[in-house]
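Shown next, in structure tokens, is the structure this report addresses.
The values are calculated or read from the model by the stated rules, or taken from the named source; none is laboratory data. Predicted, not measured: the structure shown is a model, and the values here were computed from it. So basically every Cβ, Gly included, is an ideal-geometry build from the backbone, and we count neighbours across all protein chains shown. The area values use the complete protein model at the heavy-atom level, side chains included, leaving out ligands, DNA and RNA. Shrake-Rupley method; radii C 1.70, N 1.55, O 1.52, S 1.80 Å.
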Amino acid sequence: VFSLAIYTFALAFLGARVGEWSLVVLREPLPSLAILVLILLANKALPRLLNDLTFGSLTCVPSLRLQLLAVCAGVFYYWDVKTALRSDPQVDLTGKVAVITGANSGIGFHTTVALLARNATVVMACRSEKRCSEAATRAGTGQQWGRAVPMVLDLGDLASVHMFSRQLPRDFPRVDIIVNNAGFNNAGSIQPEPPTKQGLESHIGSMHVGHFVLTELLLEHNLRGAEGVAVVNVASGMHHMCSLSWFAQVWSGGGSGEACLPKSFLEDGFAETGLASDFLALPQLQAKLSEAVAAVFNQQQVVGDQRYNRAKLANVLHAAELPRRHPGLFAASVDLGFVVTNVTSLMRWMQVSGALPPLQSLGIVRLAAPHGIRPVLLAACWPFAQPWFKSHALSFPNGGLVDPKGDASEPFVIEQGLEELFGVSHLAPNRTALAAALFDATAAVMASFKGE
């Protein structure tokens with residue numbers, strides 16, 4: 001039963017990446033029953049049957065699991081090609097100023113180039129001054145377009161965030177676009193990232209708290225305030241894994257608990273830095289997966305480590321709450337989909353091992369440019385290119401999520417579908433209440449630093 005639940009979640013996860021039809025399917029009883037029957041057959045009956053139909057060592061028909069995977073990959077590829085024109089919004093951003101964190105590589109760098117091509121001035125905020133300057137030179141080489149300005153910013157140190165926010169208005173009194181992009185994923189490593197300068201857990205401290213404080217300070221010092229500003233949080237589909245943690249704990253007998261963002265974590269000001277924590281516990285599943293990973297990598301890994309996932313959940317909730325706290329502002333979180341970046345060691349390995357081209361040719365993994373940055377670029381340009389968006393039938397609700405295809409998506413569409421399918425409750429978080437609580441907790445951390 002637990003395996004069945006995991007496969008159902010995986011199918012819903014893939015379904016959400018090609019559109020919100022997954023929610024419609026899960027709400028309808030007959031298609032839902034058909035999905036469950038197919039998954040059951042894929043796990044048990046057909047593989048055993050097909051293994052008997054062999055010529056030598058070859059099976060006549062591929063297993064149903066491979067067929068399902070091929071269908072999912074094919075649909076994803078179809079939608080990626082179908083929506084490719086959305087990767088190039090036509091807008092002139094002359095006179096607009098954008099701030100992009102982590103702009104020296106990956107999504108941040110290619111978003112910088114895309115905004116420069118639309119005549120924007122882009123402040124490239126990076127931790128390394130040398131890498132930032134080199135990236136700014138690369139971005140502007142041989143082009144007659146906007147201006148790239150490198151500036152040092154360490155999101156893991158609130159003192160650096162405050163210094164950046166004081167220096168920026170001297171040259172750029174008005175910021176129009178804020179892209180909170182910088183991130184990393186060291187969750188599960190035997191050598192976890194050290195806490196931030198202020199003692200916060202590194203993932204949420206840098207990717208959420210750092211970006212939160214940066215956004216608040218830029219808006220505070222901004223000419224004309226938040227009115228007309230676009231804030232884009234680069235999140236991830238991995239925020240769904242927080243709900244899977246809850247789901248897994250219930251089905252494996254571990255109790256529900258509070259997945260990813262427990263009340264105690266907010267009250268403690270994000271100070272937890274270790275791996276041993278209640279929200280990591282997936283009692284039976286985690287033990288088995290941890291043993292398997294340890295055997296492969298010959299080191300201890302915590303498969304249930306949710307630190308990256310909860311930081312991405314925080315990015316989604318932050319974007320949802322921003323318009324309520326700052327009327328007149330447009331905010332969105334984005335799910336990049338399967339895009340090659342250097343945020344994880346796996347992606348870095350794929351880029352140097354030769355594993356990337358086959359996956360890229362199938363449309364399963366895309367490069368950062370031009371289509372990988374699609375949801376980021378669309379969200380950043382949304383307030384400034386309404387005629388173009390209307391001509392492409394695109395509309396983004398304020399505080400919502402933009403999916404890899406460039407469509408507006410409900411951030412918790414998978415969780416809502418599973419709630420109805422399995423008759424469980426509270427799988428999708430109370431977004432309004434949790435977003436408000438997270439915002440208040442983060443604002444308290446920001447205020448405590450100001451008082452130092």
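The sole residue among Thr137, Thr94 that is open to solvent by 10 Å² or more (accessible area, probe 1.4 Å), hydroxyl-bearing (Ser, Thr, Tyr) and without any contact (Cβ under 8 Å) to a residue 12 or more places away in the chain is Thr137. Residues that are in contact (Cβ under 8 Å) with a residue 40 or more places away in the chain and within 21 Å of Ala114 (Cα to Cα) within segment 151-179 comprise Phe172, Arg174, Val175, Asp176, Ile177, Ile178, Val179, listed in sequence order. For segment 112-131, the set of residues classified as farther than 16 Å from Val175 by Cα, in a helix (DSSP H, G or I) and touching a residue at least 12 places away in the same chain (Cβ under 8 Å) consists of Val113, Ala114, Glu129, Arg131, listed by residue number. Condition check for Val209 on (1) open to solvent by 10 Å² or more (accessible area, probe 1.4 Å); (2) modelled with pLDDT of 80 or more; (3) under 19 Å from the mean Cα position of the chain (by Cα): one failure, at (1). Can you tell me how many residues within segment 369-394 are over 19 Å from Val229 (Cα atoms) and either acidic (Asp, Glu) or over 21 Å from the mean Cα position of the chain (by Cα) (or both)? Residues in segment 369-394 being over 19 Å from Val229 (Cα atoms) and either acidic (Asp, Glu) or over 21 Å from the mean Cα position of the chain (by Cα) (or both): 4 in total.
I'd like the full set of residues that are open to solvent by 50 Å² or more (accessible area, probe 1.4 Å) and within 19 Å of His240 (Cβ to Cβ), limited to segment 398-420.
Gln416, Glu420 - these are the residues of segment 398-420 that are open to solvent by 50 Å² or more (accessible area, probe 1.4 Å) and within 19 Å of His240 (Cβ to Cβ).
Within segment 300-318, can one find any residue that is at pLDDT 50 or above and over 28 Å from Asp403 (Cβ atoms)? No. Pairing residues of segment 325-340 that are farther than 13 Å from Ala235 by Cβ with residues that are open to solvent by 40 Å² or more (accessible area, probe 1.4 Å) and in a loop (DSSP other than H, G, I, E, B), at Cβ distances under 7 Å and at least 6 apart in sequence or on separate chains, gives Gly328/Glu227; Phe330/Asn398; Phe338/Ile364; Val340/Leu367.
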